[in-house]
Amino acid sequence: DATKRWVNDLISGMNICPYTDGSEMAGLPTGRVRYIVDRSTTMEEMYASFWKERVKMEHSTEKDLSTTLLIAPEFCYNDSSLFERFSSSLRASIEELTAVHVEYHPEWTKPGERSTPGNYARRSPWPMINIIRTIQIQDALQTRPTGSLREDNENTLSQIGVDNLDNMLKLRDWSGLSYNSNNPAMGTESYNMPDNLVNNLRNERMNSMDYLRNQGGQINRNQSYNMPDNLVDNLRNEHMNSM
């Protein structure tokens with residue numbers, strides 16, 4: 001499945017989201033990722049599908065269902081603006097109280113930054129809505145500020161290059177960036193990524209996951225956890241040195 005490969009090789013493998021562990025596990029505490037392919041073609045059908053998944057999340061534990069990827073290959077595939085408006089309409093609902101969502105699209109573009117490599121952190125193989133528990137977002141922000149993560153992602157994706165990222169998306173093949181937890185390796189030769197950057201990406205992700213596991217898989221939500229500065233700043237410093 002293209003979406004699972006994208007999550008495993010790019011989003012998790014390149015540490016774009018440090019809270020994913022391969023394609024099947026994610027979150028704080030770590031739980032299962034639910035993938036659901038929906039063939040809706042109209043707004044009405046997509047609203048129904050979205051709320052069906054929201055209800056399922058409400059009735060599931062975080063361990064059984066940490067986050068949902070609602071994949072809609074036949075909905076607004078060629079119209080990212082309409083897809084964004086659909087996603088925005090969901091934010092006005094009560095769903096924000098217990099869960100938030102993030103939209104992904106093959107043509108997703110941050111306003112005013114059409115050619116920015118960072119866009120590819122949100123460019124998925126198909127239009128997709130990621131439903132995330134609000135409390136997990138709050139926990140994640142305690143360990144790593146959004147601004148820091150965005151900056152690191154921009155630098156990481158810049159090292160790969162827009163042309164390479166665009167080609168991988170068109171082919172739906174990110175195997176050159178694959179990461180395997182049992183045999184850590186990233187295919188750098190095709191994309192000319194510096195070895196020191198690759199090693200730091202791998203080590204940063206492993207250290208981050210070890211840090212979370214050392215919490216015993218449990219997060220005390222009444223206590224603020226501060227991930228060590230060296231884990232947060234490691235990639236940023238390496239990117240600056242590479243530049």
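Quick look at the values:
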| read-out | value |
| --- | --- |
| Matching residues in region 10-31 - criterion: being open to solvent by 10 Å² or more (accessible area, probe 1.4 Å), out of contact with any Asp or Glu (no Cβ under 8 Å at 6 or more places or on another chain), over 15 Å from residue 104 (Cβ atoms) and not aliphatic (A, V, I, L, M) | 19, 21, 22, 24 |
| Qualifying residue in region 29-46 (condition: touching a His at 6+ places or on another chain (Cβ under 9 Å) and either touching a residue at least 24 places away in the same chain (Cβ under 8 Å) or of a type in the set (A, V, I, L, M, F, W, C) (or both)) | no |
| The listed residue being assigned to a loop (DSSP other than H, G, I, E, B), acidic (Asp, Glu) and touching a residue at least 24 places away in the same chain (Cβ under 8 Å), out of 64, 9 | 64 |
| Enumeration of residues in region 32-56 that are modelled with pLDDT of 95 or more and either crowded, with 19+ Cβ neighbours inside 10 Å or part of a loop (DSSP other than H, G, I, E, B) (or both) | 33, 38, 39, 40, 41, 42, 46, 50, 53 |
| Tally of residues being under 30 Å from residue 55 (Cβ atoms) and not aromatic (Phe, Trp, Tyr) across region 108-143 | 22 |
| Complete set of residues in region 5-36 that are under 19 Å from residue 171 (Cα atoms) and of a type in the set (Asp, Glu) | 9 |
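The values are calculated or read from the model by the stated rules, or taken from the named source; none is laboratory data. Only a predicted model underlies this, so the values are computations on that prediction, with no experimental measurement involved. Neighbour counts are summed over all protein chains in view; Cβ atoms, including those assigned to glycine, are modelled from backbone coordinates with ideal geometry. For accessibility, only protein heavy atoms count, side chains too; no ligands or nucleic acids. Shrake-Rupley method; radii C 1.70, N 1.55, O 1.52, S 1.80 Å.
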